[in-house]
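Please read the structure below before turning to the comments.
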Amino acid sequence: KAVNFIAAYPAGNRPTDEVRKMSQNLFDPAPIAELRILDQDNSANLVNSLIDMFFAAAEPSAKEMLEAARGNNAEKLSQIAHTLRATSGNLGAEACSLLCGELEEMALYHRQKVSTAGVSLCRKLIELLPETMEILRQQRL
């Protein structure tokens, strides 16, 4: 599924090369496959638990990031984006992970742009979460 993150940027701002090159897929099955190999005896429980943790945290985290961006709170935005980036990356939610990485970098290095571009990127993240979550739901055993 193609995702247009470039359109989330306000006029005059440029996305990083990483966002430009963002995968055409919301999901990469390799990380979950690797988790199942590492935990062959109990892979359903491990993968299902990680997916459930993502489900519980993703939407509230995205909304908290949006509020942090609106309030130009770069530190809070960076912390939440870092956590969600790692969690989504571990499950193969590529687009979510890359977008959170972009938000984290923006908050760390471009603090003055957080409220403008950050709000747009957070909205994009919130838009892609339902489909990402549906794909992950299908990965549960």
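Computed from the coordinates by the stated procedures, all read-outs in this text should not be read as laboratory data. Being a predicted model, the structure only gives us computed values, none of them experimental. All Cβ positions, glycine included, derive from the backbone under ideal geometry; neighbour counts span all protein chains shown.
Residues in segment 124-131 carry Karplus couplings, in order, of 4, 4, 4, 5, 7, 4, x, 5 Hz; the curve used is 6.51 cos²θ - 1.76 cosθ + 1.60 with θ = phi - 60°, and Gly or Pro positions show x.
Stokes-Einstein diffusion of segment 77-136 at 25 °C, 0.890 mPa s viscosity, Kirkwood radius from Cα pairs, rounded to a whole number: 216 µm²/s.
Amide H to amide H, with H built 1.01 Å from N, Leu26 comes under 5 Å of no residue 5 or more places away or on another chain. R0 = 25 Å: FRET efficiency of Leu108 with Glu67, Cβ-based, nearest 0.05? Calculated value: 0.85.
Would you mind estimating how fast segment 42-141 diffuses translationally, via Stokes-Einstein at 25 °C and 0.890 mPa s with the Kirkwood radius over Cα pairs, in µm²/s? In µm²/s, the coefficient rounds to 184.
Each label point was placed 7 Å from the Cα along the Cα-to-Cβ direction; for Met53 and Leu38 their separation is 1.0 nm.
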